[in-house]
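In what follows, a single structure is set out as structure tokens and then discussed.
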Amino acid sequence: MKILVLNAGSSSLKASLYQFAQDLPRDPLIPLWRGTIDRHSAQATTLKVTTATNRSIHTETSSTDFSADLHKLLDCLWQGETQVIANISEVDLVGHRVVHGGAKYHQPILINAEVQAEIDRLSIFAPLHNRANLMGIRAIEALSPHTSQIAVFDTAFYGNLPAVSYVYPLPYEWLEQGVRKYGFHGISHQYCADRAAQLLNKDLKDLRLISCHLGNGCSLAAIKSGVCLDTTMGFTPLDGLMMGTRCGSIDPGIMLHLLREKKYTVAELDHILNFESGLLGISGVSNDLREIDRAIELGNARAKLAFDLYVHLLAAKISALLPELGGLDALIFTAGVGENHSGIRAAVAAKLAFLRVEIDPVLNVSNTGGDLDLATQRSAARLLRIHTQEEWSIAKACWRISAQSVTKKQG
Ligand code: ADP
């Protein structure tokens, strides 16, 4: 069975094609084909494709719109250097990462017109993401109307959040209108929790975990017995940790002050909080920690402040999740920063020394690929570096739905 996964973001498009045999494997499969399109500006994009047999393409291209980008990417599946199938009809199922499933969708679901309408309706909560997801769904539908498509929701992992985690202390009517914490990055946190249990050779039911997804977007998830009890992103993906360009939690009074002063329009504030804040806003250098590191080495004080603030807020928000978990068995570092930045991991572990966690300085900087426990023997909790695999997680969810429907038919 061939499953194509589409992960359509606000500025990037990722796609992977997996080939499944009869049974679901324990470890992630290497995709037959993997492609990404990153949009740097309104016109410029980078297209990268690799295949399991080491064929690849890497080109800078011009972009006209999302749909053109998607077609350009998919063409590489059935044409040219990286061709692995003859045409789309060889794909059995297409799985989509859909960012916002609202309070309705807590499980992956077969996409029909009603599901599309709901994803569209939920775009008011995640305008950049849900619209991109929907365009991906419609593009596949246009290419191959009979191919089944499945939506896997980033918010679904938070279906069991207790009320004290998802309710904001605002007028109750607002809650009834949908103003509540939804949480994001759920596919990644879920994958990491499952993987942590595998690495530690324990049952997920016996573990208290905090998963730190630290990429351009950053969030934490507190997971006990496999259930997410709290998370740092909220009503939107702007809340919580300091991120690459997003501010995370701030005093809402700042916004009231700025609106009262009429210095900025709502659209300008939206842009500043989402794209000009966080590491970039403080350092004035970059949203990328590698560039911030270089600036710190050159004595840039704002870059140093950005780094220190990032660590301070990260450690503070990890600590805030502890009472609900009642302790910590493992802290997971994942995504671009979590997987690659040993300095951030060491600095956070040092701040959490009061928990008697201890990172092994040699393991922490080791370049061995693969998932690894970085904690010393005597550390009171494990410190896991896990390569997040959102697309694999989506492919697995699709495989399970398909296996269930086969079982049902046979039954
Ligand atoms: P996204 O949220 O866009 O998927 P990623 O998970 O790819 O982001 O994370 C991107 C960030 O990860 C970069 O901005 C940078 O700060 C950090 N990063 C990526 N690679 C490295 C590396 N080799 N060393 C240190 N930091 C890295």
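The values are calculated or read from the model by the stated rules, or taken from the named source; none is laboratory data. This structure is a prediction, so every number in the text was calculated from the model and none was measured. Ideal geometry is used to build each Cβ from the backbone, glycine not excepted, and the neighbour counts take in all protein chains shown. For the accessible areas, the whole protein counts, side chains as well, though only heavy atoms, and no ligand, DNA or RNA atoms are used. Shrake-Rupley method; radii C 1.70, N 1.55, O 1.52, S 1.80 Å.
Some notes on this structure:
- Val348 being β-branched (Val, Ile, Thr), under 16 Å from Leu374 (Cα atoms), open to solvent by 10 Å² or more (accessible area, probe 1.4 Å) and assigned to a helix (DSSP H, G or I): no
- Considering residues of the stretch 283-294 that are surrounded by fewer than 20 Cβ atoms within 10 Å (Cβ to Cβ) and assigned to a helix (DSSP H, G or I) only, the residue nearest to the ligand (Cβ to nearest atom): Arg290
- Among the strands (runs of 3 or more DSSP E) confined to the stretch 1-71, the ones with at least 3 residues that are small (Gly, Ala, Ser), touching a strand residue (DSSP E or B) at 6+ places or on another chain (Cβ under 8 Å) and within 16 Å of the ligand (Cβ to nearest atom) are located at 12-19.
- Within the stretch 198-217, the residues that satisfy the criterion of being away from the ligand (no atom under 16 Å from the Cβ) and part of a strand (DSSP E or B) are Arg208, Leu209, Ile210.
Yes/no matrix, rows are residues, columns are (1) basic (Lys, Arg); (2) within 25 Å of Ala221 (Cβ to Cβ); (3) over 19 Å from the mean Cα position of the chain (by Cα):
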residue	(1), (2), (3)
Pro237	no, yes, no
His257	no, no, yes
Lys263	yes, no, yes
Val266	no, no, yes
His271	no, no, yes
Arg294	yes, no, yes
Ala303	no, no, yes
Asp308	no, yes, yes
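- Only one entry in Ala126, Ala132, Ala103 is small (Gly, Ala, Ser) and either more than 20 Å from the chain's Cα centre (by Cα) or over 17 Å from Phe235 (Cβ atoms) (or both), namely Ala132.
- Here the condition is being more than 22 Å from the chain's Cα centre (by Cα) and open to solvent by less than 30 Å² (accessible area, probe 1.4 Å); of Ser144, Ser148, it holds for Ser144 alone.
- Hey, Leu269 buried (at least 16 other Cβ atoms within 10 Å of the Cβ) and touching a residue at least 12 places away in the same chain (Cβ under 8 Å) or not: no
Yes or no, residue by residue, for (1) over 19 Å from Ala142 (Cα atoms); (2) under 24 Å from the mean Cα position of the chain (by Cα):
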| residue | (1), (2) |
| --- | --- |
| Thr36 | yes, yes |
| Gln43 | yes, no |
| Ile57 | yes, no |
| Glu60 | yes, no |
| Leu70 | no, yes |
| Leu73 | no, yes |
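- The one condition in (1) open to solvent by 30 Å² or more (accessible area, probe 1.4 Å); (2) part of a helix (DSSP H, G or I) that Arg378 fails to fulfil: (2)
- In the stretch 358-375, the residue that is farthest from the ligand (Cβ to nearest atom) out of those that are assigned to a loop (DSSP other than H, G, I, E, B) and more than 22 Å from Ser188 (Cβ to Cβ) is Glu358.
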